[in-house]
Amino acid sequence: MVTPAAFRLCDRVISYFDTDTVLNVKLFDGFDATLTIHKILRLNERDPKGLLRIMNKVETPDSTIGLFFHIAKDTIVPWQIEHFLNDSLVFTSEYKYGGYRNLFKYDQFNLDTNVWRLDIIDTITNEKIHSDFWQLVRAKND
């Protein structure tokens with residue numbers, strides 16, 4: 001892994017699994033970074049059915065933030081995803097297998113802490129099937 005964004009991606013993915021640390025070694029003397037290898041044991045209770053994975057955040061030079069998520073289930077269901085930023089519904093999308101990106105302008109974020117939340121809703125019963133969020137600290141460069 002070469003960039004800090006890759007480390008953030010690993011942290012996000014590992015949050016969905018119970019793991020056992022196989023290796024934890026310091027990379028260089030005088031440098032705090034360590035290489036850690038985890039053995040995945042099982043899905044944890046964050047998303048036990050594996051319906052949605054919030055993956056990564058990328059800040060671009062054009063004052064936008066890309067927030068990435070993945071839908072791992074390749075099934076046809078009458079569901080939609082409600083996309084929230086700080087408890088405000090931004091838009092809805094179809095629940096469909098694949099990798100996705102939400103783009104937000106910096107001015108949509110608060111200066112300090114923000115919450116990006118994705119709710120999976122059954123469109124027939126209007127029941128919330130699953131919800132996941134990412135608390136973003138200092139997402140805005142001001």
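The values are calculated or read from the model by the stated rules, or taken from the named source; none is laboratory data. If you're wondering where the values come from, they're calculated on a predicted model, not measured in any experiment. So basically every Cβ, Gly included, is an ideal-geometry build from the backbone, and we count neighbours across all protein chains shown.
Under the condition of being under 25 Å from Q108 (Cα atoms), at pLDDT 85 or above and not in a loop (DSSP other than H, G, I, E, B), the residues counted in segment 59-86 number 14.
Within segment 110-131, none of the residues are within 25 Å of I14 (Cβ to Cβ), outside the structural domain of S15 (by TED's automatic domain parsing), in a loop (DSSP other than H, G, I, E, B) and not charged (D, E, K, R).
Tally time: how many residues in segment 122-142 are surrounded by 12 or more Cβ atoms within 10 Å (Cβ to Cβ) and modelled with pLDDT of 85 or more? Show your work before the answer.
We begin by selecting, within segment 122-142, every residue surrounded by 12 or more Cβ atoms within 10 Å (Cβ to Cβ); these are 122-123, 129-134, 136, 138-140.
Cutting the leftovers down to modelled with pLDDT of 85 or more gives us 122-123, 129-134.
The number of residues fulfilling the criteria is 8.
I120 satisfies every condition listed in (1) touching a helix residue (DSSP H, G or I) at 6+ places or on another chain (Cβ under 9 Å); (2) farther than 26 Å from T60 by Cα except (1). Of the residues examined, L89 is not one that is at pLDDT 90 or above, surrounded by 14 or more Cβ atoms within 10 Å (Cβ to Cβ) and among the hydrophobic types (A, V, I, L, M, F, W, C). When you look at L27, is it among the aliphatic types (A, V, I, L, M) and under 17 Å from the mean Cα position of the chain (by Cα), yes or no? Considered against the rule, which asks whether it is among the aliphatic types (A, V, I, L, M) and under 17 Å from the mean Cα position of the chain (by Cα), L27 comes out as no.
Within segment 87-101, which residues are closer than 17 Å to H130 by Cβ, of a type outside the set (D, E, K, R) and assigned to a strand (DSSP E or B)?
Step one: list which residues in segment 87-101 are closer than 17 Å to H130 by Cβ, which gives 89, 92-98, 100.
Retained after the next criterion (residues that are of a type outside the set (D, E, K, R)): 89, 92-93, 95, 97-98, 100.
Scanning segment 87-101 gives L89, T92, S93, G98, Y100.
What do you reckon, is F104 over 25 Å from E45 (Cβ atoms), outside any loop (DSSP other than H, G, I, E, B) and of a type in the set (F, W, Y)?
Values: over 25 Å from E45 (Cβ atoms): yes; outside any loop (DSSP other than H, G, I, E, B): yes; of a type in the set (F, W, Y): yes.
Yes; evaluated as a whole, the condition is true for this residue.
Kindly evaluate I71 against the criterion of being in the same structural domain as S131 (by TED's automatic domain parsing), touching a residue at least 12 places away in the same chain (Cβ under 8 Å) and of a type outside the set (G, A, S). When the stated conditions are applied, I71 passes them. A Cβ distance below 7 Å, combined with a sequence gap of six or more or placement on separate chains, defines the contacts here; from segment 35-63, residues that are under 25 Å from T75 (Cα atoms) reach residues that are of a type in the set (G, A, S) in the pairs L43/G50; R46/S15; G50/A72; R53/A72; N56/A5.
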